[in-house]
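I have placed the structure first, in the form of structure tokens, so that the comments after it can refer back to it.
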Amino acid sequence: MRVIFSRLYSLVTASFLLLPAFATAAHTQVELSLSADTARPGDTIWAGVDLKMDPGWHTYWKNAGDSGIATTIKWDLPAGITAGDIQWPLPKKLPPAEITTYGYEDEVMLLVPLTIATNLDPGTRELSAKVAWLECNESCVPANQSVQAKLTIGSATKTSAAATAIEAWQHKVPQTNAHYAFHAQWEQTTNGDTRPLVFRNGDGNADKNIKLDAVDFFPDASDNYAVASPTEIISAMSADIRIRKLVKKYSGDWPTNISGVMVLGSGSQRIGYAINTPIAEPATKPAIIPAPVTKPSGVTPASAGQVPALPTKSLWLMLLYAFIGGLILNIMPCVLPVIALKIFGFVNEAKSEPRHVRKLGLVYALGVIVSLMVLAAIVIGVKASGLIPTWGMQFGSPVFLVCLTTLITLVALNLFGVFEVTLSGRALDQASGLASRPGAAGAFFNGVLATTLATPCTAPFLAPALGFAFAQNYGVIVAFFLAIGFGLASPYVLLSWHPAWLKFLPKPGAWMEKFKIAMGFPMLATVMWLFFIAGSSFGQDIAWLGGFLVVVALAAWIFGEFVQRGRSRKTLATIIALLLLVGGYVFILEKELNWRAPQIETKTGGATKASPDGIDWQPWSPEAVTQARAAGHLVLVDFTADWCLTCQVNKKTSIEIPSVRKKLKDLNAVTLIGDNTHSPASIAQELQRFQRAGVPLVLVYPKNSDAQPIVLPEILTPGIVLDALDQAAK
């Protein structure tokens with residue numbers, strides 16, 4: 001009865017979709033985007049039909065399930081342009097549980113390839129389509145809407161502003177992946193109109209033996225049979241995936257072939273693999289299908305558009321890597337300014353009793369741990385929202401950069417003595433009672449500052465550990481950030497608990513005031529670095545940020561000179577300082593700089609050759625890699641970011657050097673750059689493929705298009721790069 005009802009329901013709702021009365025949707029907004037503004041004759045571009053649903057509403061997949069109906073797109077295209085089949089992103093099972101339906105909530109972009117004839121004349125063409133769908137909450141409403149877009153036919157392809165979003169949705173379309181070659185087999189002979197079917201993976205992923213959180217199968221639609229919603233998981237180990245589904249036959253013979261999507265989940269990550277496989281007859285023994293044989297592992301080529309299997313690494317080994325990576329962060333360029341401040345703090349507190357020094361060490365560690373727990377919460381929030389977190393992603397936020405640049409400027413002014421909030425925390429303690437003992441607030445802030453400045457650096461050992469952690473559940477993510485925090489804080493804590501080691505430091509004296517002032521200059525250098533990074537967000541308007549920092553400095557000087565050290569008119573000075581800050585915020589940050597929503601400039605178009613004899617960098621994309629390899633070229637890909645100091649050091653010392661440039665030219669190599677400054681989704685996907693949590697990531701693809709890419713370590717030397725190029729050229 002349920003099957004009859006659901007089919008009748010689908011028939012009725014389908015007929016309603018044809019009614020012209022529903023010309024617009026009340027709860028879904030539809031927009032048509034193209035991956036290119038200009039295309040050449042013979043090109044194939046992508047059209048994205050973006051459906052954004054109101055909260056609580058959903059639309060349906062190509063197989064709606066027991067009720068609902070799939071979204072349809074009816075194209076009206078000019079002569080010479082043809083549309084292919086819809087590419088459907090991975091759906092989810094929708095409530096209620098007793099009725100199986102598959103669909104999308106919040107947003108989905110349906111992708112359609114558009115092929116342009118080779119003899120099409122130049123000019124602008126208008127493309128239109130009529131989109132019809134069923135949107136449901138507690139009730140269902142059929143709706144349709146016409147959408148349009150313009151495409152210019154020209155001599156060169158020019159990507160559109162929507163290309164990045166379309167590419168991100170392409171990564172959500174289920175892929176055919178050799179690592180998970182699934183097979184299907186009837187488990188026993190028929191039992192009336194119901195029969196159990198077992199799916200298992202082939203031996204391509206036997207070396208990645210980790211436990212998956214979820215395994216399910218979403219079938220393609222069929223009029224002759226249905227695959228029941230419940231899934232019995234026999235084995236969820238990635239080297240031995242086996243599930244059992246019940247198949248109910250409506251008419252005809254039992255199917256001999258089955259297609260659909262196998263869904264694998266680990267943490268909040270869901271990956272879909274499209275399968276189309278024959279169904280084998282039952283084995284002579286009804287035993288559960290054995291696990292496949294293990295094969296040696298390898299790196300999956302990203303150019304194939306495949307998502308490699310989830311990593312198999314020891315949890316304890318990765319936690320050790322996280323601790324060592326946090327330890328090494330203390331000597332990375334990002335944290336060097338804070339190291340000087342920590343040394344000054346040691347010297348300043350050397351005259352204190354040992355108990356007080358130990359307390360400051362623990363407070364500093366607390367500042368580090370609290371900051372890293374905030375970062376862990378951000379990562380978990382990003383994963384929960386369906387996005388991919390990356391290490392240092394906050395440096396792609398213009399708001400974060402403005403706040404941090406202002407903060408570091410104030411730290412430098414404090415060190416110069418413009419106003420008096422000393423690192424010992426005494427003035428801060430007296431003013432606001434943030435700590436019961438002198439120095440605690442300063443130590444805590446020092447820990448926060450060290451953590452904040454450490455995030456754009458990826459130290460050795462840290463990258464593989466974070467790449468592993470970001471793919472795990474929330475508890476593992478928290479454990480990894482704790483391990484990093486212990487590593488980052490341990491040298492300071494160790495010294496604070498062994499005060500005798502402080503005897504190697506200079507004795508306190510008058511030189512300390514000069515040393516404090518000198519330490520303001522590394523902070524100013526940090527401000528310059530942050531200013532450079534912010535330039536990628538604000539472009540020429542970055543000068544307004546410089547003006548705002550001048551206003552902040554003037555307000556700080558008035559506060560220090562006339563409020564803290566002055567004897568009269570302190571109230572007037574305070575009012576003037578506040579007016580300067582408020583005026584600077586309103587008229588500079590909000591009005592001129594538009595700091596919360598700037599027009600972000602990205603490096604996506606054209607070559608980026610730095611000099612006449614420099615490397616001819618071209619923008620990275622999966623398609624660019626595929627095309628270069630198909631043409632027989634060796635390919636070097638550098639995933640980098642303006643805020644990544646390790647990336648810039650690698651580039652200056654090991655990539656953009658004469659020997660490497662000559663080698664690349666001799667090999668006729670193609671060089672691609674992936675700009676992760678603003679953490680685009682496409683690069684986050686690529687980093688995840690190679691189990692990296694952030695940049696730098698440098699890949700060398702051999703000339704042989706079937707060969708796997710060589711993944712270079714985080715810290716490069718000229719020898720490492722040259723050896724990889726020689727190996728790839730063989």
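The values are calculated or read from the model by the stated rules, or taken from the named source; none is laboratory data. The structure presented is a predicted model; accordingly, all values stated were derived computationally and were not measured. We place every Cβ from the backbone using ideal geometry, glycine too, and count neighbours over all the protein chains shown. Ligands, DNA and RNA are stripped out before the accessible areas are found, and what is left, the full protein with its side chains, is counted by its heavy atoms. Shrake-Rupley method; radii C 1.70, N 1.55, O 1.52, S 1.80 Å.
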Odd one out for Ile69, checked against (1) aliphatic (A, V, I, L, M); (2) at pLDDT below 90; (3) not in a loop (DSSP other than H, G, I, E, B): (3)
Residue under question is Gln564, and the condition is that it be open to solvent by 20 Å² or more (accessible area, probe 1.4 Å), among the polar types (S, T, N, Q) and either farther than 21 Å from Asn594 by Cβ or over 34 Å from the mean Cα position of the chain (by Cα) (or both); does it hold? yes
Can you spot a residue in region 570-578 that is at pLDDT 85 or above, open to solvent by less than 20 Å² (accessible area, probe 1.4 Å) and not in a helix (DSSP H, G or I)? no
Filter result (outside any strand (DSSP E or B) and touching a strand residue (DSSP E or B) at 6+ places or on another chain (Cβ under 6 Å)) within region 110-129: Leu120, Pro122
Taking Thr608 as the residue in question, decide whether it is at pLDDT below 85, open to solvent by less than 70 Å² (accessible area, probe 1.4 Å) and β-branched (Val, Ile, Thr). yes
The condition from (1) among the hydrophobic types (A, V, I, L, M, F, W, C); (2) open to solvent by less than 70 Å² (accessible area, probe 1.4 Å); (3) within 25 Å of the chain's Cα centre (by Cα); (4) at pLDDT below 90 that Ile600 misses is numbered (2)
Residue hits (region 649-658; under 16 Å from Val700 (Cα atoms) and not in a loop (DSSP other than H, G, I, E, B)) are Asn650, Lys651, Ser654, Ile655
Quick test for you: out of Ala97, Ala79, pick the one residue that is at pLDDT 90 or above and surrounded by fewer than 16 Cβ atoms within 10 Å (Cβ to Cβ). Ala79
Could you identify the single residue in Val660, Val635, Val670 that is surrounded by 22 or more Cβ atoms within 10 Å (Cβ to Cβ) and farther than 29 Å from Pro398 by Cα? Val635
Does Val721 satisfy being closer than 17 Å to Gly632 by Cβ and not in a loop (DSSP other than H, G, I, E, B)? no
Flag for Asp642 being surrounded by fewer than 23 Cβ atoms within 10 Å (Cβ to Cβ) and touching a residue at least 24 places away in the same chain (Cβ under 8 Å): yes
Sole exception among (1) assigned to a loop (DSSP other than H, G, I, E, B); (2) open to solvent by less than 30 Å² (accessible area, probe 1.4 Å); (3) modelled with pLDDT under 85 for Pro255, by number: (3)
Out of all the residues in region 361-379, which are β-branched (Val, Ile, Thr) and either crowded, with 16+ Cβ neighbours inside 10 Å or touching a helix residue (DSSP H, G or I) at 6+ places or on another chain (Cβ under 8 Å) (or both)? Val363, Val368, Ile369, Val370, Ile378, Val379
Region 117-145: number of residues that are farther than 12 Å from Ile73 by Cα and of a type in the set (S, T, N, Q): 5
Are any residues in region 106-147 within 17 Å of Gly84 (Cα to Cα), out of contact with any Gly (no Cβ under 6 Å at 6 or more places or on another chain) and of a type outside the set (Val, Ile, Thr), and if so, which ones? Leu110, Leu114, Leu127, Ser128, Ala129, Lys130
Of the residues in region 45-61 that are open to solvent by 40 Å² or more (accessible area, probe 1.4 Å) and within 20 Å of Val147 (Cα to Cα), the one that is farthest from the chain's Cα centre (by Cα) is Asp54
Lys52 assigned to a strand (DSSP E or B), at pLDDT below 90 and either on the phi < 0 side of the Ramachandran plot or touching a Gly at 6+ places or on another chain (Cβ under 8 Å) (or both): no
